[in-house]
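The values are calculated or read from the model by the stated rules, or taken from the named source; none is laboratory data. Every value quoted in this text rests on a predicted model; they were computed, and no experiment measured them. As a convention, Cβ positions derive from the backbone with ideal geometry for all residues, glycine included, and neighbour counts pool all protein chains shown. Heads up: the accessible areas ignore ligands, DNA and RNA and are worked out on the full protein's heavy atoms, side chains in. Shrake-Rupley method; radii C 1.70, N 1.55, O 1.52, S 1.80 Å.
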Amino acid sequence: MFFKTIDFSKYSSIKVGQPTEVLMIEKGDTIPNDRYLIGGANNLLVSPTPPPLMMLSKDFAYIKEEENMLEIGAAMPTGRIVSYAKKHDIAGFEFCSKLPGTLGGMLAMNAGVKEYEIFNILHSIEIEGKWIAKDNINHGYRFAKLSGIATAARFEIKEGFSQELLDALLSLRSNQPLDPSAGSAFKNPEGDYAGRLIEVVGLKGIRKGDMQWSEVHANFLVNLGKGSFEDAKYLIDSAKEKIFKKFNIMLQEEIKIL
Ligand SMILES: Cc1cc2nc3c(=O)[nH]c(=O)nc-3n(C[C@H](O)[C@H](O)[C@H](O)COP(=O)(O)OP(=O)(O)OC[C@H]3O[C@@H](n4cnc5c(N)ncnc54)[C@H](O)[C@@H]3O)c2cc1C
């Protein structure tokens, strides 16, 4: 293992944070249990005082085929997974095309689009050297209870990459803002949409410093330039407070605040 300085104002998708020392884990290392693991930082909001961080090195960015199984390392970026599936005519990974991040992040978040979620196509996850079948992992809408750090996952190979599905999913997602964000800020509460609630309480388009509840999609917190952690946190907290007051619904963050 070795340390690397990562500047979260550049590395994170929401472009908030500062240069921070991150411990890089290499193949064969014992994974420390007193550090927070990050993937591609597409779902993170990093504070000025984050916990000690670690990250899987490129040793964990691989794809290999064994009999009817595809094994993918947890540090593999989703874009490269889709390219591989397309090249080898494998079905099921089309929806990963516009989910920025790594496989590890997708597994931990049970990331997905519409009815497509990573757990639907998953066979098993390698967690700290042990393979655990999907059915033994508690998971649901945008969460999975992993018992540790995922280093790889296996998927049954099904033939037939669908360019049609890929195109349909890509066009479906065009209602998202292009400004830097960390994806949806809140999970949708049961039977409703966080974006709708943010809009109803009048926060859509509202700005604090350079952070804003997007005018394109209210559940996206966007960074219009030099947005700070404090501004982001202020907007998140005020949305929670206003929505709780009006609807008695306590929204839960989808983004991870470190
Ligand atoms: C523009 C935009 C659009 C998005 N749209 C969607 C969407 O439609 N649907 C959706 O689900 N998400 C969406 N996201 C969020 C994001 O793409 C997913 O959550 C993605 O899976 C995050 O991956 P990451 O590698 O960046 O994880 P990070 O953001 O780095 O980490 C997320 C969480 O995963 C954990 N984690 C990461 N790697 C591992 C590992 N190996 N083992 C255990 N835990 C791990 C981290 O500890 C953290 O809790 C969007 C993000 C952006 C910026």
Quiz prompt | Segments 221-228, 97-104 sorted - mean Cβ within 10 Å per residue, highest first | solution = 97-104, 221-228
Quiz item: In the neighborhood of E253, defined by Cβ-to-Cβ distances under 11 Å, what is the net charge if each Lys or Arg adds +1 and each Asp or Glu adds -1?
Solution: +3
Quiz prompt | Computed log₁₀ I(q)/I(0) - Debye formula, equal Cα scatterers, no solvent, the chain, q 0.07, 0.08 Å⁻¹ | solution = -0.25, -0.33
Practice problem: Please name which of M76, I6, I31 has its Cα lying farthest along the dipole of segment 1-117 towards the positive end, using unit charges on Cβ (Lys, Arg +1; Asp, Glu -1) and the Cα centre as origin. | Solution: I6
Quiz item: Which value in deg cm²/dmol, rounded to the nearest 500, describes the helix-derived mean residue ellipticity at 222 nm for the chain, given -39,500 (n - 2.57) per DSSP H run of n ≥ 4 and division by the residue count?
Solution: -6500 deg cm²/dmol
Quiz item: Ordered by packing density, taken as the mean number of other Cβ atoms within 10 Å over each peptide's residues, highest first, how do 10-23, 29-42 rank?
Solution: 10-23, 29-42
Exercise. Using only the Cα atoms of segment 10-93, build the gyration tensor, take square roots of its eigenvalues as a ≥ b ≥ c, and label the shape rounded, prolate or oblate: rounded if a/c is under 1.5, else prolate if a/b is larger than b/c, else oblate.
Key: oblate
Quiz item: With charges set only on the Cβ (+1 for Lys and Arg, -1 for Asp and Glu), what does the dipole of the chain come to about its Cα centre, in debye to the nearest 20?
Solution: 740
Exercise. For segment 46-106, give the magnitude of the charge dipole about the Cα centre (Cβ charges: +1 Lys/Arg, -1 Asp/Glu; no others), in debye to the nearest 20.
Key: 340
Practice problem: Over the chain, average the accessible area per residue using a 1.4 Å probe and give it in Å², no decimals. | Solution: 50
Quiz prompt | Extreme residue, positive dipole direction of segment 74-155, given options A152, G101, F119 (C-beta unit charges) | solution = G101
Quiz item: Ignoring ligands, DNA and RNA, what percent of the accessible area of the chain is carbon or sulfur (1.4 Å)?
Solution: 50
Quiz item: Over the chain, what is the mean sequence separation of C-alpha contacts under 8 Å (at least six apart), divided by residue count, expressed as relative contact order in percent?
Solution: 18
Quiz item: Taking the Cα centre of segment 1-115 as origin and charging only Cβ (+1 Lys, Arg; -1 Asp, Glu), how large is the dipole, in debye to the nearest 20?
Solution: 480
Practice problem: Post the alpha-carbon centroid distance, segment 1-26 to segment 146-221, in whole angstrom. | Solution: 23
Exercise. Would you please classify the overall shape of segment 162-258 from the alpha carbon gyration tensor, given that a ≥ b ≥ c denote the square roots of the eigenvalues, rounded means a/c under 1.5, and beyond that prolate means a/b larger than b/c while oblate covers the rest?
Key: oblate
Quiz prompt | FRET E, pair K245, L172, Förster distance 22 Å, beta-carbon r, rounded to 0.05 | solution = 0.10
Self-check item: Range of Cα positions in segment 120-162 per principal axis (Å), largest first
Solution: 33, 25, 15
Quiz item: Under the classification rounded if a/c is under 1.5, otherwise prolate if a/b is larger than b/c and oblate if not, where does segment 51-161 fall, given a ≥ b ≥ c as square roots of the Cα gyration tensor eigenvalues?
Solution: rounded
Quiz item: Among 78-86, 140-148, how do they line up from the highest to the lowest mean number of other beta-carbon atoms within 10 Å?
Solution: 78-86, 140-148
